[in-house]
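Reading through the C-alpha cells given below for one structure.
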Amino acid sequence: MATSEPVTSSTNVSASSEKDVAAIDALRDISKKIRDELARVIIGQDEVIEQLLICIFARGHALLMGVPGLAKTLLIHSLANVLSLKFSRIQFTPDLMPSDITGTEILQETNQPGRRAFEFIKGPVFANIILADEINRTPPKTQAALLEAMQEHKVTAGGRIYTLDQPFFVLATQNPIEQEGTYPLPEAQLDRFMFFIHVGYPSQDEERRIARETTGGATPPLNKLIDGEKLIAFQELVRRVPVPDHIYDFVVELVRASRPREATTPDWVKKLVTWGAGPRAVQNLILGAKARAVLNGSYLVRQEDIEAVARPVLTHRILTNFHAESEGITSSDIIKRLTDEIHAVPKKA
C-alpha cells in the first residue's frame with residue numbers, strides 16, 4: 001500500500017504548476033479532515049471511505065456490494081453532509097417506475113382563470129448525491145432511466161430536456177444474499193459504474209466499538225467542510241495530474257491482458273475468463289489513480305496508485321467462466337495475479 005505522506009521530490013513538483021501543487025496540498029489536508037469527520041459516525045470501513053472519495057473526486061459513480069446493516073446508507077448520507085451536497089435516497093422496488101425517479105408532468109392551474117397547463121415536477125434524481133438502494137430489485141426499464149441520467153447528466157420528459165445539478169453522483173447498493181425477485185444489472189450497465197466497492201464486516205475490535213459507541217446518546221451533527229463549487233474545482237485539479245508514459249503503458253497492458261481473445265493474453269487468463277475489461281476500464285484506472293495520488297498528496301501518478309484502484313475498477317468488468325467458478329477463483333484473484341505479473345517499467349532515454 002502507498003504511504004499517505006506526500007511525495008515532494010523536485011521531479012514530481014516540476015511536473016505540476018505551483019498553483020496546482022498548492023491545491024494538491026490543500027486537497028490532501030481536506031481529505032484527512034473528511035475522513036476524521038466521517039469517523040465520528042462511521043466505525044471502520046477505512047478502505048470503503050477511501051474508495052468513495054477517490055470515485056467522487058474522479059467524477060465517477062460507484063456500486064457498493066454488501067449485506068444489510070453495514071452502514072452503507074449512513075456512510076453515503078454522512079458524506080453528502082460533509083461535502084454540503086443535496087442528498088436523495090431512492091429505495092428500488094419491483095413496482096418502481098421510471099417517472100418515480102426522473103419526475104412527472106402534472107396538470108396544474110395557471111394564473112389565468114379556467115386555464116390549466118402541465119408542469120414538470122422533478123423527481124429524486126435531481127440532487128447531487130443519489131443513493132440508489134438495492135438497484136437490482138427494480139426492473140430493467142427503471143434501471144435504465146437512472147443509468148441514462150448517470151451517463152447524460154440530464155432527464156428528458158414531455159419533449160423537454162432538464163439538466164441535472166452539478167456535481168452529480170450515483171452511489172448504488174446491491175444485496176448479495178437474496179437473489180429471488182431481483183434483476184441483475186447487465187454487463188453494459190455495470191460498466192457505467194467507475195468502482196465496484198465491496199463492503200465487508202467490521203473487525204472484532206470495530207464491532208465492539210460499534211456496540212459501545214452507537215447505542216448511547218445522539219451523535220452531534222457533522223461539520224460541512226467544502227461545497228459543490230469547491231468540489232468541482234478539485235475534480236478539475238484531478239484531471240490535470242501528470243501521468244508518466246510508462247504508467248499509461250502499464251494500464252493498457254493490464255487491461256488488454258484481461259481479454260481472453262487477445263493474442264498476448266496469458267494462457268491462464270484464457271482458461272479462466274469469458275470476457276475482459278473494455279476501454280472504459282483504461283480511462284477509469286487512470287482517473288482513479290489520479291484522484292488517489294492527489295488525495296495522498298502526490299504530484300503525479302505512480303504504479304502503486306494504479307494497483308490500489310485496480311480491484312474496484314476491474315472487478316465488475318472481468319467475467320469468469322465455469323472453470324474458474326469450479327476452482328473458487330474470482331475476478332479479484334485474477335486482477336491480483338495480473339498486477340503481480342505485469343510491471344510498469346520506465347523507458348530508458
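The values are calculated or read from the model by the stated rules, or taken from the named source; none is laboratory data. Everything numeric here is computed off the predicted structure, so don't read it as measured data. Ideal geometry is used to build each Cβ from the backbone, glycine not excepted, and the neighbour counts take in all protein chains shown.
How many of the residues in the stretch 266-295 are farther than 19 Å from Lys336 by Cβ and among the basic types (Lys, Arg)?
2
Of the residues that sit in the stretch 78-95 and are more than 17 Å from Ile226 (Cβ to Cβ) and of a type in the set (Val, Ile, Thr), which one is surrounded by the most Cβ atoms within 10 Å (Cβ to Cβ)?
First, pick out the residues of the stretch 78-95 that are more than 17 Å from Ile226 (Cβ to Cβ): 88-95.
Now narrow it down to the ones that are of a type in the set (Val, Ile, Thr): 90, 93.
Working: Ile90: 23, Thr93: 14.
Within the stretch 78-95, the match that is surrounded by the most Cβ atoms within 10 Å (Cβ to Cβ) is Ile90.
Quick one: which helices (runs of 4 or more DSSP H) sit completely within the stretch 284-349 and have at least 1 residues that are without any contact (Cβ under 8 Å) to a residue 12 or more places away in the chain?
Working: elements: 303-314, 322-326, 331-341.
Qualifying helices (runs of 4 or more DSSP H): 322-326, 331-341.
List pairs: first residue in the stretch 138-153 and more than 12 Å from Thr93 (Cα to Cα), second residue assigned to a helix (DSSP H, G or I) and among the hydrophobic types (A, V, I, L, M, F, W, C) anywhere in the structure, Cβ distance under 6 angstrom, at least six positions apart or on different chains.
Pairs that qualify, where the first residue is more than 12 Å from Thr93 (Cα to Cα) and the partner is assigned to a helix (DSSP H, G or I) and among the hydrophobic types (A, V, I, L, M, F, W, C), are Ala145/Ile101; Leu146/Ile101.
Do you know which of the residues in the stretch 170-208 that are modelled with pLDDT of 90 or more and part of a helix (DSSP H, G or I) is nearest to His77 (Cα to Cα)?
Glu207
Quick test for you: out of Ile247, Ile232, pick the one residue that is in the same structural domain as Ala291 (by TED's automatic domain parsing) and closer than 17 Å to Gly288 by Cα. Before the answer, list the steps.
Details: Ile232 fails: in the same structural domain as Ala291 (by TED's automatic domain parsing).
Going through Ile247, Ile232 in turn, just one is in the same structural domain as Ala291 (by TED's automatic domain parsing) and closer than 17 Å to Gly288 by Cα: Ile247.
For the stretch 78-104, how many residues are in a loop (DSSP other than H, G, I, E, B) and not charged (D, E, K, R)? Walk me through how you get there before you give the answer.
Going through the stretch 78-104, the residues in a loop (DSSP other than H, G, I, E, B) turn out to be 83-86, 92-97.
Cutting the leftovers down to not charged (D, E, K, R) gives us 83-85, 92-94, 96-97.
Residues flagged as in a loop (DSSP other than H, G, I, E, B) and not charged (D, E, K, R) within the stretch 78-104 amount to 8.
With Leu75, Leu64, Leu107, Leu53 as the choices, which residue is surrounded by 17 or more Cβ atoms within 10 Å (Cβ to Cβ) and either in a strand (DSSP E or B) or without any contact (Cβ under 8 Å) to a residue 24 or more places away in the chain (or both)? Even if it seems obvious, please write down each step before you answer.
Details: Leu75 fails: either in a strand (DSSP E or B) or without any contact (Cβ under 8 Å) to a residue 24 or more places away in the chain (or both); Leu107 fails: surrounded by 17 or more Cβ atoms within 10 Å (Cβ to Cβ); Leu53 fails: either in a strand (DSSP E or B) or without any contact (Cβ under 8 Å) to a residue 24 or more places away in the chain (or both).
One residue alone meets the criteria, Leu64.
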